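Input: a single structure, listed below in structure tokens.
The values are calculated or read from the model by the stated rules, or taken from the named source; none is laboratory data. Keep in mind that what you see is a predicted model, and the values were worked out from it rather than measured. In this analysis, Cβ positions are derived from the backbone assuming ideal geometry, glycine residues included, and neighbour counts consider all displayed protein chains. Keep in mind that these areas ignore ligands, DNA and RNA; they rest on the heavy atoms of the full protein, side chains included. Shrake-Rupley method; radii C 1.70, N 1.55, O 1.52, S 1.80 Å.
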Amino acid sequence: MVTRPRLYSGMQPSADSLQIGNYIGALMQWRELQQSYQAFFSVVDLHALTQPNDPAELREKTRRTAAQYIAGGIEPSRATLYVQSHVPAHAELQWILTTLTGEGEARRMTQYKDKVARYGKDAASVGLLVYPMLMAADILLYQTDIVPVGEDQKQHVELTRDLAERFNARYGRAFTVPMPVIQRETGRIYDLQNPTAKMSKSAESDAGVLWLLDDPAVTAKKIMRAVTDSEGSVRYDRQAKPGVSNLLVIYAALTGRQIPAIEDEYAGRGYGDFKKDLAEVVVNEFAPVRERALALLADPAELDRVLAVNAGRAEEVANATLADVYDKVGLLRRA
Ligand code: AQP
């Protein structure tokens, strides 16, 4: 039997709905990759605890994120789609990895430095400092070959590789050393109201975010109101025309068309026509996904059952890696 290479990725349950950047930048790619890779897709709820959360809301967001993975095309019988906290090995391997990480090494992570700069030293928890070791545990437990990530996560995957190599050299080979696959810059989606800032689930204002589960009329309205420029021509130029370029990227990603062909189609026509058509493209893409997600959420017991079966499959792989690691570092086996 030919075994497919392994792939790992995840998203944080940080909102009730995914936004179109998560859909284009992650989900659309995941559903292709699950065909040729043995894929593990996790809802990383332990990571989400690094931000303040209402407990009941976090539980609900976790279910909703999982439902949107499935509605967006992740097949839970093909890929392993599970909730991170359902597999305790993640937190256990994280502990081992923290003992291999230098304190200075952890403090040098730019995401940590950014968060400290944003929230202040006292508000930034130790959880944020050791977040990259939890991410390393997520990846290494599954003997992952590739990790598709945005540019902002590249440094964490580099740390994961360093930790895997360090462990393997010190104790004997326990981990596959994973390769990051960095998302192309053209796959990045920006906020519709502030088109030089990445669209984000935790954006301060909702006006520039296209939510997968938004009502179609709201989605259309947000696109019609998207910030453009006064030039009036539908043309890709990230520097001079960030708003229009962003809309072109969304259009191209959802239709599979090339940007120059779209530019030609709208040559000599105003932004109004272009936005109206784009709204239709987005609404048509989202509508069936939204419908499936809401149907899955209407039967939480069945969704929880699917997640439990998948957690069991994840655990088989994760526990085997963890047992090997425990042995190698010299922990006494329970009789
Ligand atoms: N704007 C984006 N364009 C393209 N891809 C994006 N992703 C996120 N935003 C965009 C991809 O979606 C996945 C989500 O990963 P995450 O939930 O762990 O966190 P994130 O990258 O920080 O995403 P958000 O939406 O901005 O969430 P919050 O607000 O919680 O931080 C990743 O694969 C990411 O590349």
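So here's what we get for this one:
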quantity	calculated
Calculated FRET value between Glu165 and Asp122, using beta carbons and R₀ = 45 Å, to 0.05	0.85
Compactness of segment 1-91 as Cα Rg over 2.2 N^0.38 Å, two decimals	1.09
Relative contact order, percent, the chain [alpha-carbon distance under 8 Å, six or more residues apart]	22
Segment 206-294: radius of gyration over Cα atoms, expressed as a fraction of 2.2 N^0.38 Å	1.08
Relative compactness, segment 53-192, computed as alpha-carbon Rg over 2.2 N^0.38 Å	1.15
Label point distance in nm, Arg305-Lys276, each placed 7 Å from Cα along Cα→Cβ	4.8
Förster radius 22 Å - calculated FRET efficiency between Arg4 and Ala323, Cβ distance, rounded to 0.05	0.40
Segment 182-332: Rg to Rh, with Rh as the Kirkwood radius over Cα pairs	1.17
Relative contact order [Cα under 8 Å, 6+ residues apart], segment 206-294, whole percent	35
Accessible surface, segment 206-294, averaged per residue in Å² (probe 1.4 Å)	47
Relative contact order of segment 17-152, defined on C-alpha pairs under 8 angstrom at six or more residues apart (%)	28
If the convex hull is drawn through the Cα atoms of segment 142-209, its volume per residue in Å³	98
Computed [θ] at 222 nm, helices only, for the chain once each DSSP H run of length n ≥ 4 contributes -39500 (n - 2.57)	-16500 deg cm²/dmol
At q = 0.06, 0.08, 0.12 Å⁻¹, base-10 log of I(q)/I(0) for the chain (Debye sum, equal scatterers on each alpha carbon)	-0.23, -0.41, -0.89
Residue among Ile262, Ile146, Ile223 with the largest mean-square fluctuation in a Gaussian network model of the chain, springs linking Cα atoms under 10 Å	Ile262
Where labels lie 7 Å past Cα in the beta-carbon direction, separation of Thr196 and Leu58 in nm	3.6
Percent antiparallel among DSSP beta bridges (both partners in the chain, rounded to 5)	15
Solvent-accessible ranking of Asp122, Asp215, largest area first, probe 1.4 Å	Asp122, Asp215
Cα-based reach from Lys115 at 26 Å (exclusive), listing lysines while leaving out same-chain residues under 8 positions away	Lys61, Lys154, Lys198, Lys201
